[in-house]
Amino acid sequence: MGRQLSVEIIGTEALTPAERAQWIGWTGASTAYESPFFHPDFTAVAGRSAPDARLAVLHRNGTVVGFLPHQRRGGAAQPLGAPLNDYHAVITGPELDFSIDEAAELVGARSYTATGWTGACTGGEGRTQARTLLADVSQGWDAYYAGRRTDFGKFFKDKERARRSFERDLGPIRVETSTTDLTHFDRLIELKQAQYQRTRRHDIFACGWTIDMLRDLLRHEGSDFGARLTVLYAGDRPMAYELGLKGGDHYHFWLPAYEADAARYSPGMLLSMETMKMEAARLYDFGFEGEAYKKYFCDLSRDVWEGVGQAAGPTALSAITGLAPGGLAQSVRRRWAIIDACETTTLGRVRALSAAASAMAGRGRSQPTASLLLAASALCL
């Protein structure tokens, strides 16, 4: 292995106190690790439920120089907790940086699938750069909101009108945060599953372990890391839900959902605004750009990489890349990565791929359909 490194693979809760302190020191010293997903408690807690979860500890001359949490799916490796992990990289000091290709080699896998890689990337076939959007509230909510309202007056006046209409029609708005009452958590999952069914996307919660992981994160009690379930009420009715992650002074908006009959009031945006008012955070991470509303809230961005690093040999994902052109390849890769992360049995993967192929074929996309079926065949050999 290059760089004169040796790698030890351990359990995700097997860090020594000294290793944990080193980890926290590295993440606290670099903005590249400014996310709850890089907190060692995320690795420890998510690893209890994520199948085949592992932690690679990198050594050089007897000294620990890095950590890479991951999960294995056969010969492939993925970020720990995928497809629900939005940021990942080798956690190391400022003198080192590792690429997606090196990640595969470090953990002894044929490939490593990244969706939000913050480390080095040399480009290559199938690699794309993406942006995530963040809001800087370090000067306090009032100063932040005054600035956004000045820049985007019409948008925020519309939200203020929506709030007044919401309260007039359904009752006063209030927001509660809970980590113990799982009734609202169960409703959030129901709404997300209905959304996946409606849009014919793979249900990431059907496998079961992803729900267990989120529950474990909600139950985790830590001084500087944990999950938050916020619920927006109008009168006595819960109307919007958001599961978020908080690590230090960084809050990550993660899994939102709202009741259909509240849609005209923009309940998700109102809940985000209320959360930003009451949570003592400096940065609020809205995730990947795409939804138009995010530009009104966010004044910072972050570049990440998406793609597959390969140590050696062909993979199902490389076959997809070779067959599907342009944006279709990216769409198929994303679908495959989600299925591969969630489903841990051959039968589960074949069923999911068949459903995905059917959904894409129904939209007249024959090339991705063929690619997905090829991936399933390659996986089952």
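Data for the structure
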quantity	calculated
Of the criteria (1) acidic (Asp, Glu); (2) touching a strand residue (DSSP E or B) at 6+ places or on another chain (Cβ under 6 Å); (3) under 24 Å from Ala280 (Cα atoms), which one Glu167 fails	(3)
Single match in Gly268, Gly287, Gly226 (criterion: at pLDDT below 95 and surrounded by fewer than 22 Cβ atoms within 10 Å (Cβ to Cβ))	Gly226
Selection within the stretch 337-348 - in contact (Cβ under 8 Å) with a residue 24 or more places away in the chain and over 17 Å from Gly81 (Cα atoms)	Thr346, Gly348
Members of the stretch 51-65 found to be in contact (Cβ under 8 Å) with a residue 40 or more places away in the chain and out of contact with any Asp or Glu (no Cβ under 9 Å at 6 or more places or on another chain), listed by number	Pro51, Asp52, Ala53, Arg54, Arg60, Asn61
Single unsatisfied condition, Pro172 versus (1) over 28 Å from Asp340 (Cβ atoms); (2) surrounded by 12 or more Cβ atoms within 10 Å (Cβ to Cβ); (3) not acidic (Asp, Glu)	(2)
Residue in the stretch 171-186 that is hydroxyl-bearing (Ser, Thr, Tyr), in the same structural domain as Leu255 (by TED's automatic domain parsing) and touching a His at 6+ places or on another chain (Cβ under 9 Å) present	yes
Unmet requirement for Arg72, which otherwise passes all of (1) in contact (Cβ under 8 Å) with a residue 40 or more places away in the chain; (2) in contact with an Asp or Glu (Cβ under 7 Å, 6 or more places away or on another chain); (3) not hydrophobic (A, V, I, L, M, F, W, C)	(1)
Unmet criterion (only one of (1) in contact (Cβ under 8 Å) with a residue 60 or more places away in the chain; (2) in contact with a Pro (Cβ under 7 Å, 6 or more places away or on another chain)) for His184	(1)
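Let's see how each residue does on (1) outside the structural domain of His39 (by TED's automatic domain parsing); (2) among the aromatic types (Phe, Trp, Tyr); (3) over 15 Å from the mean Cα position of the chain (by Cα):
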{"residue": "Leu217", "(1), (2), (3)": "yes, no, no"}
{"residue": "Ala234", "(1), (2), (3)": "yes, no, yes"}
{"residue": "Tyr265", "(1), (2), (3)": "yes, yes, yes"}
{"residue": "Lys277", "(1), (2), (3)": "yes, no, yes"}
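The values are calculated or read from the model by the stated rules, or taken from the named source; none is laboratory data. No experiment lies behind these values; they were computed from the predicted model shown. Virtual Cβ from ideal backbone geometry, glycine too; neighbours counted across all protein chains shown.
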